[in-house]
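Asker: Structure in structure tokens, see below.
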Amino acid sequence: MFRAGVRALGVTALATLATAVVAQDDFPLAGTYTENQPCIGADASVSRVRITLQEIDSVFGLCKILDRKRHGDTFAIHVECNGPGGSQMLGDVTFKIRTDKTVDFADQDETYKAVLHRCPD
């Protein structure tokens, strides 16, 4: 009985690891970017955006990714962001990977748009 439990835990661990790998492959946005200017040669004044599977960190604050949907090269992402004074804000953003490997970004109302340029790792 003990062996069966250990075997089940091992299978569960492998399945979890495989799911994490698949999830990362399905989320090619993970990385660091500069806004509206190529990363190479950009000075410290250029805004930077860091995207992981769990969050987006930019000059607007730290946003936790609550949900994401992929439609081809476009990602619709539902986020919860920490605003000024600790206020919580919910919103939606979209990222579209362009053929030149830059990424178009827009907020839900399209009041802010940017082109993100990937930085080397």
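Since every read-out is calculated from the coordinates, none of them should be taken as a lab result. It should be emphasised that the depicted structure is a prediction, and the values quoted were computed from it without experimental measurement. Cβ: placed from backbone, ideal geometry, glycine included. Neighbour counts: every protein chain shown.
Asker: Using a 10 Å cut-off around each Cβ, can you sort 35, 110, 55 from fewest to most neighbouring Cβ atoms?
Answerer: Details: 35 17, 110 8, 55 14.
Sorted ascending by nearby Cβ count, the order is 110, 55, 35.
Asker: Could you tell me whether the range 29-118 comes out rounded, prolate or oblate from its Cα gyration tensor? Rule is a ≥ b ≥ c as square roots of the eigenvalues, rounded for a/c under 1.5, then prolate if a/b exceeds b/c, otherwise oblate. Don't jump to the answer; show the numbers that get you there.
Answerer: Numbers: a/c = 1.82, a/b = 1.18, b/c = 1.53.
Since a/c reaches 1.5 but b/c is at least a/b, the shape of the range 29-118 is classed as oblate.
Asker: When the chain is fully extended, how far beyond the present Cα-Cα distance does residue 37 get from residue 78, taking 0.36 nm per residue of separation? Before the final figure, lay out each step's value.
Answerer: Details: separation 41, 0.36 × 41 = 14.76 nm, distance 2.55 nm.
Once the chain is fully extended between residue 37 and residue 78, it gains 12.2 nm.
Asker: What list do you get for 71, 78, 117 if you sort them by fewest beta carbons within 10 Å? All intermediate terms of the calculation are to be shown ahead of the outcome.
Answerer: Values: 71 9, 78 16, 117 21.
Ranked by crowding around the Cβ, least crowded first: 71, 78, 117.
Asker: Quick one: length gained pulling residue 46 to residue 100 fully straight, 0.36 nm per residue minus the C-alpha distance? List each step's numbers first, then the result.
Answerer: Details: separation 54, 0.36 × 54 = 19.44 nm, distance 2.03 nm.
Here the answer is 17.4 nm.
Asker: When only DSSP loop residues count, what trypsin sites (Lys or Arg not before Pro) in the range 40-112 have their Cβ near at most 10 other Cβ atoms within 10 Å?
Answerer: Working: sites: 48, 50, 64, 68, 69, 70, 96, 98, 101; in loops: 98, 101.
Passing both the DSSP loop test and the Cβ count: 101.
Asker: Using 7 Å Cα-to-Cβ label points, what is the residue 115/residue 92 separation (nm, one decimal)?
Answerer: 2.6 nm
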